Amino acid sequence: MTISKVEAEKRARERWSYWRLILSDIGITYADLENMDDDDIAEANAALDIHQKQLNKTKEK
C-alpha cells in the first residue's frame, strides 16, 4: 500500500534535515545518510547553512 500525499508530506517535514542534505546538491546521498548519526546530520546541516551564508555574501558584493 502506498502512503497518501498528506502522509508523505508529513514524513518529509519530520525528516527535513535528511531531505535537505539530499536536495542541496552537495553530493550527500541517501546511502550516505544511512551511515551518519544524528550529530553528523546536524553538523552537515550547520555546514550547509554556513556555506549558503557565504554564497549570499559573495552575491551581495
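The values are calculated or read from the model by the stated rules, or taken from the named source; none is laboratory data. From a predicted model like this one, the values you see are computed outputs, not experimental measurements. Protein only, heavy atoms only, side chains kept; ligands, DNA and RNA dropped before computing areas. Shrake-Rupley method; radii C 1.70, N 1.55, O 1.52, S 1.80 Å.
Structure values in brief
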read-out	value
Residue within segment 46-60 that is of a type outside the set (S, T, N, Q), in a loop (DSSP other than H, G, I, E, B) and open to solvent by 80 Å² or more (accessible area, probe 1.4 Å) present	no
Residue ID - farthest from Asp49 (Cα to Cα), chosen from residues in segment 1-39 that are assigned to a loop (DSSP other than H, G, I, E, B) and open to solvent by 100 Å² or more (accessible area, probe 1.4 Å)	Met1
Hits in segment 1-28 (condition: at negative phi and within 10 Å of the chain's Cα centre (by Cα))	Arg15, Trp16, Ser17, Tyr18, Trp19, Arg20, Leu21, Ile22, Leu23, Ser24, Ile26, Ile28
